[in-house]
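**Student:** I have a structure I would like to understand better, so I am pasting it below and will then ask my questions one at a time.
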Amino acid sequence: MKKTVPIIKVANLHKDFRIYARPQDRLWEILLRRPRHQLYHVLRDISFAVPEGKSLGIIGVNGAGKSTLLKLLAGILQPTVGEIAVSGQVAALLELGAGFHPEFSGRRNIYLNASLLGVPDDDIATLEQEIIAFSELGEFIDRPVKTYSSGMYVRLAFAIATMVRPDILVIDEALSVGDMAFQRKCVQRMNQFRAELKTMVFCSHSMFHIQELCDTAIWIHMGRIREIGDSDQVVGHYEDFCYSKKTYNSIEQDLPRTQLQESEVGKNSDDAMPTMPDCRISALSVCDSDGHAVTELEPLGSVRLEMEVEVLKDGIEGNFGFAFMKSAEEPIASFLTTELAESEVEKGPFQVGDVFTVSLAVQHLAMRVGEFYVLGGLADKSGLLWYETRFSKQLSIKPNKGVGTLIMESEWSVQRK
Amino acid sequence: MFITLLREWIATPLTHSRLFQQFTQQDFHAQFAASIGGFLWLFLTPIVHILIYSFVFGYIFQIRAPAEFGQTRFVIFMMIGYLPWFAFAEAMGRSTNLLLEKAPLITKVMFPVQLLPLTGTLIPYLTHGTGFVMLLIYLASQGLLSAGWLLLPVVFFFQFLFTLGIVAVLSATCVFLRDLQQLVALGVTIWFFLTPIIYPITMIQNPTIRQWFLLNPMHNFINLYREIVLLGEVSAINLQIIIPVSVISYCLGGWLFIRIRHAFGDVL
């Protein structure tokens, strides 16, 4: 097997911006050699390598430092600390038609842009027709680009950047502008690019495109790499992060509060009532269909939720509940026995010393991504007063293809008429 | 360091000739095609200036070309100095805005930025060089043509190198210090009056002070033009000054520009 050489290698990269309160501070700093700026750390400790022919996706919330990283890769900015080694010709599409001259016709801009990218003149003439065809501009190609719509702009820019066949293509959010048909063409074009063993670095808020086009993804959060790895997995965690307002860590802070009573799963638990030591949950477990405890669940798989209950007082009658929780206050799904008749599930009364296991089989888990917890709870007869609740360990869904938070059981069919 | 300078500064216009050409065309386009007057506007300023100076200095103050230039009319004497000066002055005046107006490009596209001061200097030299050539054609038809004129392009080229070096420094510095824009405009005016263009250097009585004028490269250039065109001869001292000064300006300016261009992306 041919050994792949990293074509982009970034080691220990830091990028700071100097923020000056007033423009003249920059001058004073040069003259007096005394710092008058505030440092703003845009990127910190970024290291990764992209082998030839692989594509890298960069994701993160706005302001995380994605664009700065792309600019560093394109060579427009210089790192404050660290090294970037890029071997090969880079074509960067950082902003729509940044290299365009608005007064010139599209055709002339092809030449202008291509020479900005350093393409020999003879090559452009042969590529010209191909570029015009790809961009679908038709007769507009001879009109000034200032008359173009933003879709036409991006079509032309994308066509040029990909047709000149650079070794490395750096794209920042370019696909979000075009219509669906053009986006599809772009994806095809980029896949062809990958087939030609070219390297791509791609930044997008479209998780679909990241998953579709990238082998590896980097999630940048507050200027640091939060996660790097297989794009499906990183996208999964990132989406999960975006959909939850809270961060992962907060649940640990929330855990002690499970001793409080919750009036109902999902309802605010702040209206705390004294815990009634009538019964307690001695164990809570999440098992697969074979009965093994698991922490990673298959999408659309089945799980069995179990809790062991010890009764501390005679004559307890109650209800049980389970819930999948994003955090202590955010339920995903809940299962309660309050609506069920006595005949369907035993609700007591129980006697002191009774120990029993409540279990709930859940089929076809609909969560596609994310990390969550299972909450088990015991309530009184009315279902309003909760004796005790207990959280499971953190659970997660195995990485899988797709976008969105949910996955549903489905069946395809195509019927020819 | 020397290799970098050679490759990045001196060789870039050749290795990126296509882009260089594109930039030059773009600049021409921006100046001429966008307005109705086009070329006319460009020559209007020097023509009006020449008319004013001839009226004020030639007619009112009765300044005459120095005796060594024979019976030359003051207008001709002044124009030979003024047209090359105007190319220099315009390149200087535009220099401060060269990188600032291209900020969107510099921050979004990776390309050899050092082409920008080159284009910015080339355009005024091309346009006002044309004006200068037209004047020369007129003078040739008056029977002034001599073999010494072959030196004119050489001197003009060295003036271009000298200007390019200064433009490179100014354009790069202006990214950091925008106040420079005002200062440069003022500086060019001061420089203009300190250069014997609208007056002959012989009007300065004190020979010591006259010696000091040799430190002004523009005076050396203009004196050379006048000597070559009107007399067909050359002062060795002027040549000895302008050649090293131009080369140093060109190399030093380029070196500085290449050194600090990495910071452009951060500041712009």
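The values are calculated or read from the model by the stated rules, or taken from the named source; none is laboratory data. This one's a predicted model, so the numbers in the text were calculated from it and none came from an experiment. Counting neighbours? That spans all protein chains shown, and the Cβs are built from the backbone with ideal geometry, glycine included.
**Student:** Which of the numbered conditions does B:F221 fail, given that it passes all the others? Conditions: (1) in contact with a helix residue (DSSP H, G or I) (Cβ under 8 Å, 6 or more places away or on another chain); (2) farther than 27 Å from B:I10 by Cβ.
**Tutor:** So the condition that B:F221 fails would be (2).
**Student:** Exactly one condition in (1) touching a Ser or Thr at 6+ places or on another chain (Cβ under 9 Å); (2) surrounded by 13 or more Cβ atoms within 10 Å (Cβ to Cβ); (3) within 19 Å of A:E296 (Cα to Cα) is not met by A:N400; state its number.
**Tutor:** (1)
**Student:** Yes or no: the stretch A:322-336 includes at least one residue that is at pLDDT 85 or above, touching a Ser or Thr at 6+ places or on another chain (Cβ under 6 Å) and not in a loop (DSSP other than H, G, I, E, B).
**Tutor:** yes
**Student:** Can you tell me which residue is nearest to the chain's Cα centre (by Cα) among those in the stretch A:324-372 that are crowded, with 17+ Cβ neighbours inside 10 Å and hydroxyl-bearing (S, T, Y)?
**Tutor:** Residue satisfying both the conditions and the ranking: A:S327.
**Student:** Look at B:P207 and say whether it is more than 14 Å from every other protein chain (Cβ to nearest Cβ), within 26 Å of B:T72 (Cα to Cα) and crowded, with 17+ Cβ neighbours inside 10 Å.
**Tutor:** Judged against the criteria, B:P207 is not a match.
**Student:** Regarding the stretch A:17-32, can at least one residue be identified that is surrounded by 14 or more Cβ atoms within 10 Å (Cβ to Cβ), touching a residue at least 24 places away in the same chain (Cβ under 8 Å) and under 23 Å from the mean Cα position of the chain (by Cα)?
**Tutor:** no
**Student:** Hey, another quick one. List every residue pair whose Cβ atoms lie under 9 Å apart, where the two residues are 6 or more positions apart in sequence or sit on different chains, the first residue falls within the stretch B:235-260 and is outside any helix (DSSP H, G or I), and the second residue, located anywhere, is polar (S, T, N, Q) and surrounded by 15 or more Cβ atoms within 10 Å (Cβ to Cβ).
**Tutor:** Filtered contacts from the stretch B:235-260: B:S235/B:N220; B:S235/B:N223.
**Student:** Return yes or no: is B:A89 outside any helix (DSSP H, G or I) and under 16 Å from B:I197 (Cβ atoms)?
**Tutor:** On the way: outside any helix (DSSP H, G or I): no; under 16 Å from B:I197 (Cβ atoms): yes.
The answer is no for B:A89.
**Student:** Could you list all residues from the stretch A:360-417 that are closer than 13 Å to A:M325 by Cα, modelled with pLDDT under 85 and of a type in the set (G, A, S)?
**Tutor:** Passing the criteria: A:G370, A:S392.
**Student:** Check A:A74 against each of (1) away from every other protein chain (no Cβ under 14 Å); (2) crowded, with 20+ Cβ neighbours inside 10 Å and name the one condition it does not meet.
**Tutor:** (1)
**Student:** Of all residues in the stretch A:23-36, how many are away from every other protein chain (no Cβ under 11 Å) and touching a helix residue (DSSP H, G or I) at 6+ places or on another chain (Cβ under 9 Å)?
**Tutor:** Number of matching residues: 3.
**Student:** Follow-up. State which residue pairs qualify: first residue assigned to a helix (DSSP H, G or I) and inside the stretch A:187-204, second residue buried (at least 16 other Cβ atoms within 10 Å of the Cβ) in any location, beta carbons under 6 Å apart, and separation of 6 or more residues or different chains.
**Tutor:** Pairs found: A:R189/A:T162; A:M190/A:L213; A:R194/A:S55.
**Student:** Could you check how many residues of the stretch B:48-82 are among the hydroxyl-bearing types (S, T, Y) and assigned to a loop (DSSP other than H, G, I, E, B)?
**Tutor:** Let us first name the residues in the stretch B:48-82 that are among the hydroxyl-bearing types (S, T, Y), namely B:53-54, B:59, B:72, B:82.
Now narrow it down to the ones that are assigned to a loop (DSSP other than H, G, I, E, B): B:72.
Within the stretch B:48-82, residues that are among the hydroxyl-bearing types (S, T, Y) and assigned to a loop (DSSP other than H, G, I, E, B) number 1.
**Student:** Say whether the condition of being at pLDDT 90 or above, touching a Gly at 6+ places or on another chain (Cβ under 7 Å) and buried (at least 20 other Cβ atoms within 10 Å of the Cβ) is met by at least one residue in the stretch A:43-63.
**Tutor:** yes
**Student:** Let me ask something else. Select, from A:E130, A:E83, the only residue that is of a type outside the set (F, W, Y), under 27 Å from the mean Cα position of the chain (by Cα), surrounded by fewer than 17 Cβ atoms within 10 Å (Cβ to Cβ) and modelled with pLDDT of 85 or more.
**Tutor:** Working: A:E130 fails: under 27 Å from the mean Cα position of the chain (by Cα).
The match here is A:E83.
**Student:** Could you list all residues from the stretch A:154-181 that are in a helix (DSSP H, G or I), modelled with pLDDT of 80 or more and surrounded by fewer than 20 Cβ atoms within 10 Å (Cβ to Cβ)?
**Tutor:** Across the stretch A:154-181, there are no qualifying residues.
**Student:** Here is a follow-up. Looking at B:L116, B:L105, which one is part of a helix (DSSP H, G or I), within 14 Å of chain A (Cβ to nearest Cβ) and surrounded by 23 or more Cβ atoms within 10 Å (Cβ to Cβ)?
**Tutor:** B:L116
**Student:** Next question. I'd like to know if the stretch A:86-101 contains one or more residues that are free of Cβ contacts under 8 Å to residues at least 12 places away in the same chain, over 24 Å from B:F23 (Cα atoms) and more than 14 Å from chain B (Cβ to nearest Cβ).
**Tutor:** no
**Student:** Taking B:Q31 as the residue in question, decide whether it is surrounded by fewer than 18 Cβ atoms within 10 Å (Cβ to Cβ) and in contact with a Leu (Cβ under 8 Å, 6 or more places away or on another chain).
**Tutor:** Here the answer is yes, as B:Q31 does meet what is asked.
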